[in-house]
Structures are given as C-alpha cells and as structure tokens.
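Heads up, the thing below is written out as structure tokens.
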Amino acid sequence: MFCFTLVLHFTVILTKESSFAGRCQVFDCLKSFLDYRTCIDVSENYERKVDKMKSLCLIMPVIIALLTSTIACTGGTKVSEGLLAPPETIVRQADDGKVFKLRKGDEIVIHLKGNRTTGYSWAIEEVDDNVLGLVNDVYIPDKPTMTGSGGVWTITFKAVSVGASPVRLKYWRPWEGESSVVERFEVTVRVGE
C-alpha cells in the first residue's frame, strides 16, 4: 500500500514537472522506489517517523496545557507595556470583605446583582479617588429582558496610584435617603508598583 501511494505521489509530481531533466530525475527516483527492498526500507523509515509524530502529538497538548495554565495563573501579567490589555480582577458578591492586591494600571471589576425595576441601585459610598479611578458603572439586565427581571451592576475601577482604598458600595433608593439602604458591599484594594 505504501509503495502504491509513493508511485501515485511521484506520478503527480511527474505530471507537474515541466523540464525534461526534472522529469528524468523524478522518473529515476520513482524507478528506485519500485524496487521491493527500497519500499521496505522506506516504509520502515516512514513508520519510525510516524511513531515520532505520534509521540509529539501526545506531548504537544501537555505543553499547550502547561503554557495555558501558566498564563492563567499569572492573571494576564504584562509581557511588555502596551502589548496586553491591563489585567483585571473580577469581584462578585461572595467576595464581600476581602482584600485584593493590584498593580498600578490594573483594573478591578465588581459584579453585583440587583433589580433596577424596584428603584434600587448600587451606588459608590466610599472610595479613595487618588488610588482608584472610576472607569465604568453600568447596569446590564438579565436576558430575556422582562418587566421585574433583575440584572447585574458592573462597576470598574482602575488603579491609578500606589496606596490602599476601601471600595464601599450601597444598594439603595437614592430619593429615599440612607434609611432605604438594604445591602452594603465592601472590599479593600491595595495597589503596588
């Protein structure tokens, strides 16, 4: 079977070769492959190459997995300034009371569940603007959007200077004042170089 494949391969090459000298070289090569013993030698070399390729194919996913996990564990650390987007730390309601460490330029993205149709909203109660700058504060309704359905507030801060800052948020109806606060959320962010 292997010899037949080689003959077919050389036939295709012969039809594509335009020069007489080139055709002669291909024909001589094909003639030597038609020798039974050469075909056995070639097929043994081919099998060795296939075995090497199989082991390489088994090793490559392991190497890729190691590289991927290394990148994931570093949290997207910058390779060179400007090549990657700034690393971001994702914070959810279960992270209430925790301390997060960032580098200058990193972002912290806070996702909090809420329901705007009730009149309640998440608002910033305390943050040190010298350490963390507000990047974004948006409400994203759940899909499908229906009357009375909830959503998620996404509040993003960027670490602008070295220091520490509390990030204190409250879930309230602004027009009803402090007595309407039904939930608070707080994390501490420490920013280093």
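See the values below:
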quantity: Hey, G75 open to solvent by 40 Å² or more (accessible area, probe 1.4 Å), out of contact with any helix residue (DSSP H, G or I) (no Cβ under 9 Å at 6 or more places or on another chain), under 26 Å from P166 (Cα atoms) and at pLDDT below 80 or not; calculated: yes
quantity: Candidate set from region 84-104 (those that are touching a residue at least 40 places away in the same chain (Cβ under 8 Å) and exposed (fewer than 14 other Cβ atoms within 10 Å of the Cβ)); member that is farthest from R168 (Cα to Cα); calculated: K101
quantity: Sole residue being free of Cβ contacts under 8 Å to residues at least 40 places away in the same chain and touching a strand residue (DSSP E or B) at 6+ places or on another chain (Cβ under 9 Å), chosen from E186, E126, E193, E178; calculated: E178
quantity: Hey, S180 out of contact with any Pro (no Cβ under 6 Å at 6 or more places or on another chain), over 11 Å from S121 (Cβ atoms), open to solvent by less than 80 Å² (accessible area, probe 1.4 Å) and modelled with pLDDT of 95 or more or not; calculated: no
quantity: Some residue of region 140-151 being surrounded by 16 or more Cβ atoms within 10 Å (Cβ to Cβ) and in contact (Cβ under 8 Å) with a residue 40 or more places away in the chain; calculated: no
quantity: Residue that is out of contact with any Ser or Thr (no Cβ under 6 Å at 6 or more places or on another chain) and at negative phi, where the choices are R116, R173; calculated: R116
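The values are calculated or read from the model by the stated rules, or taken from the named source; none is laboratory data. Fair warning: this is a prediction, and the values are worked out from it, not measured in the lab. Glycine also receives a Cβ, built like all others from the backbone with ideal geometry; neighbour counts cover every protein chain displayed. Remember, those area values only see protein heavy atoms, side chains included, never the ligands or the DNA or RNA. Shrake-Rupley method; radii C 1.70, N 1.55, O 1.52, S 1.80 Å.
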